[in-house]
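Visitor: Please see the structure below; I have some questions.
The values are calculated or read from the model by the stated rules, or taken from the named source; none is laboratory data. What you are looking at is a predicted structure, and each value in this text was computed from that prediction instead of being measured. Cβ atoms come from the backbone with ideal geometry, glycine included; neighbour counts cover every protein chain shown.
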Amino acid sequence: MFRICAFRFGADASSVDDMEPLIAEDLLLLLLDDEKGTAAATWVDVGTPLAAAALAELAMHGAIGLEPGSFLSSAKLRASGRTEPDPTLARVLAVVAEKPRAVSSVVARAQKGLRDDLAQRLVGAGVLRREEDRVLGLFPRTTWPAADVQREAAVKERLRQVLVVGAEPDERTAVLAGILGSLDRVPQTLDLRGAEAREAKRRAKAIAQGDWASKAVSEAVQAMMMAVMTPVIVTTTAGSSS
């Protein structure tokens, strides 16, 4: 039985420095081009996978859970009543706490402003830079090029150990591997080719469907993976038919 409770916000920016790095932060680093500061693949809507990563982390914390669907209704995310100290995750949790909603609906709502929030955290940590320019000299644009690539390199090495070497994943790496697999971004992220790339993709899929977490968490995270995969399938299909 889940119980929805009220949440208190108001954590200032300085409190973020005391928080653990978020899975969604690591994912953003992997999705951004280090030099251009934009999504490495122009067709990727980074908001969807970032929201999925934040929701997956909340599921790992026990703050949200998946209410099974029925023949006439889809599964829904509910808040468990547990509070979340991280201000970014707390804002995502507040979306779930409003009322039970289908995963795709929660992802769509939770992603609003999330990319910029995560990017600004990484700027504060000295990992990214915020730059303003204009496209064609007319349209204002914010980009987030790398300021320090050491953290991203460490994340990629953890992924490589799991997806290439075959090490057992921790929860963070399992979520990252699953989302990258859903986006079909594993080979590009780790610069893999041929048989090595195919095996890494296979392992990412197996991890996403595996038992690296409790059954309740695994089911919730897999629902998030499907929310990420759906727009990718739609985009790919549209591209193939054009």
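Visitor: If you go through region 90-107, how many residues are in contact with a helix residue (DSSP H, G or I) (Cβ under 8 Å, 6 or more places away or on another chain) and in contact (Cβ under 8 Å) with a residue 40 or more places away in the chain?
Guide: Residues meeting the conditions: 8.
Visitor: State whether one or more residues within region 130-141 are under 15 Å from the mean Cα position of the chain (by Cα) and surrounded by fewer than 16 Cβ atoms within 10 Å (Cβ to Cβ).
Guide: no
Visitor: Right, another one. Can you tell me how many residues in region 147-170 are of a type in the set (Val, Ile, Thr) and within 17 Å of Arg129 (Cβ to Cβ)?
Guide: Looking only at that region, the number is 1.
Visitor: Could you count how many residues in region 36-57 are over 11 Å from the mean Cα position of the chain (by Cα) and either among the aromatic types (Phe, Trp, Tyr) or at pLDDT 95 or above (or both)?
Guide: 1
Visitor: Out of the residues in region 200-217 meeting the condition of being over 15 Å from Glu168 (Cα atoms) and assigned to a helix (DSSP H, G or I), tell me which one is modelled with the highest pLDDT.
Guide: Let us first name the residues in region 200-217 that are over 15 Å from Glu168 (Cα atoms), namely 201, 214-217.
Retained after the next criterion (residues that are assigned to a helix (DSSP H, G or I)): 201, 215-217.
Numbers: Lys201: 96, Lys215: 85, Ala216: 82, Val217: 86.
Taking the candidates together, the pick is Lys201.
Visitor: While we're on this one: Identify all residues within region 159-208 that are surrounded by fewer than 18 Cβ atoms within 10 Å (Cβ to Cβ), free of Cβ contacts under 8 Å to residues at least 60 places away in the same chain and charged (D, E, K, R); write none if there are none.
Guide: Arg160, Glu168, Asp170, Asp184, Asp191, Arg193, Glu196, Arg198, Glu199, Arg202, Lys205
Listed here are the residues, each with its yes/no results for (1) of a type in the set (Asp, Glu); (2) out of contact with any strand residue (DSSP E or B) (no Cβ under 7 Å at 6 or more places or on another chain).
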{"residue": "Ala119", "(1), (2)": "no, no"}
{"residue": "Glu131", "(1), (2)": "yes, no"}
{"residue": "Arg134", "(1), (2)": "no, no"}
{"residue": "Arg158", "(1), (2)": "no, yes"}
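Visitor: Tell me, which strands (runs of 3 or more DSSP E) lie completely within region 65-156 with 3 or more residues that are within 28 Å of Pro169 (Cβ to Cβ)?
Guide: Strands (runs of 3 or more DSSP E) meeting the threshold: 76-79.
Visitor: Moving on to the next point. Would you point out the residue of region 142-158, among those that are surrounded by fewer than 16 Cβ atoms within 10 Å (Cβ to Cβ) and modelled with pLDDT of 95 or more, that is farthest from Lys205 (Cα to Cα)?
Guide: Out of the qualifying residues, it is Ala147.
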